[in-house]
1. Could you tell me whether segment 59-68 includes any residue that is of a type in the set (S, T, N, Q), surrounded by 14 or more Cβ atoms within 10 Å (Cβ to Cβ), assigned to a loop (DSSP other than H, G, I, E, B) and in contact with a helix residue (DSSP H, G or I) (Cβ under 8 Å, 6 or more places away or on another chain)?
2. Could you give every pair whose Cβ atoms fall below 6 Å, whose first residue belongs to segment 54-75 and is closer than 11 Å to THR29 by Cβ, and whose second residue is in a loop (DSSP other than H, G, I, E, B), counting only separations of at least 6 or pairs across chains?
3. Could you run through segment 33-58 and say how many residues are surrounded by 12 or more Cβ atoms within 10 Å (Cβ to Cβ) and polar (S, T, N, Q)?
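No lab work stands behind these numbers, since they all come straight from the coordinates. Remember, predicted model here, so these are calculated numbers, not experimental data. Cβ placement follows ideal geometry from the backbone for every residue including glycine, while neighbour counts extend to all protein chains displayed.
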Amino acid sequence: MKSKKNLTRFTYETSAFQGWRLSLSYKGTAFTRYFPDKKFGSGKKSLAAAEKTLSELRALLEGSKLVEGKVSASTAKKAAKLLLDAV
């Protein structure tokens, strides 16, 4: 599996983590969440969860209002909750 925009695959043999990392930077704020293969059952399932969460995150951020050109605090909290609740 190859990495995609905003999604990076980690499959290092010496690392305890194998899975996908969602990383999105939007208007000066970075959002990151890891999707381990162990939790989701396989690489394909963790990728599907990461892609779903990424699309939800993009929709939230693109529909939000900016404060002085940056993401508002309330939008950042909603995004953080979305990332924590990702399944």
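1. yes
2. From segment 54-75, the pairs are LYS70/LYS27; LYS70/GLY28; VAL71/LYS27; THR75/SER64.
3. Qualifying residue count, segment 33-58: 2.
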